[in-house]
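Asks: Just passing along the structure, written as structure tokens.
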There are 2 protein chains.
Amino acid sequence: MEDGTSKSLGYCGDTDGDYDVLQWDTREDCEVRQILDRVADKWSLLVIALLDQRSLRFSELRRRIDGVSQRMLTRTLRHLERDGLVSRTVHPTVPPRVDYELTALGTTLHATIRALVTWTETHQNEIAAARTAYDARVLAEQSAAEAQAAERDEIARNVLSGSR
Amino acid sequence: MEDGTSKSLGYCGDTDGDYDVLQWDTREDCEVRQILDRVADKWSLLVIALLDQRSLRFSELRRRIDGVSQRMLTRTLRHLERDGLVSRTVHPTVPPRVDYELTALGTTLHATIRALVTWTETHQNEIAAARTAYDARVLAEQSAAEAQAAERDEIARNVLSGSR
DNA sequence: CGGCATCCTTCCAGATACTG
DNA sequence: CAGTATCTGGAAGGATGCCG
């Protein structure tokens, strides 16, 4: 079995609030960090958002999530199942059929995730604009630096020709 | 420059709702997916949560986020800056000093992120319990399978000795 | 169909050293 | 102090093949 509890990130609600209510746990392996890591996962968000509609079969999920390999989807579902967010039901038919659906816990998480998606949809234009502006700025700075370098070279050449 | 717009995940608000309001874009490189990818980033969440309190210097962030390398912190901050979520202020002093703070856009995102963290804190016990239960179940299934295998071997041995 | 095991590649994170 | 540049190991992730 692959290790599901590897490194993680870290936000802990230690209530010894020094300068405010929030306090960060410096440890990497803090409980809350591990959970956030799961939420911050590339595919988990998508699976949870999809399963809110209704329960889905493995292949249905696979079809709806473009770019996911069956390996990654399986891993993601196992993680979510382990965390009690998704339930897995095997129908012993032939061919086999496996349904996934959100648990009660998973549903409460979905509300939060939904807010995140809504935020993203609402602000995607602002973000796109910010990116364009940033890229333009970087480009401008680069050409400015290049112009400066060219000038330096020019001066150096003049000095050299003068000393000849 | 490293490629910041690599692969992404995918949730798009196509409003041609077939069976509900939500509809997934099948394309991997959908706009909303890219943004979610940024939010789903290991360190971004932490940086945004930290910066909500007040603006922080690079080294302050580094100290407060255990396990982040300066390379990753730099990358994360650049991404966030590009997306217009964080502003970067360089004070031309010596030694140099760089302050980071949330933009207005970043602050709106923080509210959502905060909800996520709160959810995590609220439900961490349930999740821990679910994990323990899951691991126990897996262990039980494993030993059951082993017992079955042992039984099979036993039968096979008996058959063999009988035919002798 | 829905997996798991195995291999293999690619990419990314971390360590290190150097600069303004 | 706050970066950038470069190298390298390991892990994430894809492809394939087999099983229940």
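Asks: What pairs can you find where one residue is in the range A:101-129 and at the interface with chain B (Cβ under 7 Å from one of its Cβ atoms), the other is small (Gly, Ala, Ser), and their Cβ atoms are less than 7 Å apart, with a gap of 6+ or different chains?
Replies: Cβ pairs passing all conditions: A:Leu105/A:Gly84; A:Thr112/B:Ala115; A:Ala115/B:Ala115; A:Val117/A:Ala49; A:Glu121/B:Gly13; A:Glu126/B:Gly84; A:Ile127/B:Gly84.
Asks: Taking only the range A:75-84 into account, find how many residues are more than 7 Å from DNA strand C (Cβ to nearest atom) and touching a strand residue (DSSP E or B) at 6+ places or on another chain (Cβ under 7 Å).
Replies: Here the count works out to 2.
Asks: Now for a separate question. Output the residues belonging to the range B:1-36 that are more than 7 Å from chain A (Cβ to nearest Cβ), crowded, with 20+ Cβ neighbours inside 10 Å and modelled with pLDDT of 50 or more.
Replies: The answer is B:Cys30, B:Arg33, B:Gln34.
Asks: I'd like the full set of residues that are outside any loop (DSSP other than H, G, I, E, B), more than 17 Å from the chain's Cα centre (by Cα) and surrounded by 14 or more Cβ atoms within 10 Å (Cβ to Cβ), limited to the range A:99-117.
Replies: Passing the criteria: A:Asp99, A:Tyr100, A:Glu101, A:Leu102, A:Leu105, A:Gly106, A:Thr107, A:Thr108.
Asks: Among the residues of the range B:72-88 satisfying the criterion of being more than 10 Å from DNA strand D (Cβ to nearest atom) and not hydrophobic (A, V, I, L, M, F, W, C), which is nearest to the chain's Cα centre (by Cα)?
Replies: Per the stated criteria, the residue is B:Thr76.
Asks: Then there's this: For the range A:53-64: of the residues being within 27 Å of B:His123 (Cα to Cα), within 12 Å of chain B (Cβ to nearest Cβ) and not in a strand (DSSP E or B), which is farthest from DNA strand C (Cβ to nearest atom)?
Replies: This residue is A:Gln53.
Asks: So which of B:Ala129, B:Ala140 is in a helix (DSSP H, G or I), over 19 Å from B:Ser44 (Cβ atoms) and within 16 Å of DNA strand C (Cβ to nearest atom)?
Replies: When all the criteria are applied, what remains is B:Ala140.
The values are calculated or read from the model by the stated rules, or taken from the named source; none is laboratory data. What you see is a predicted model, and the numbers here were worked out from it, not measured in a lab. When we count neighbours, we look across all protein chains shown, and the Cβ atoms used for this are built from the backbone with ideal geometry, even at glycine.
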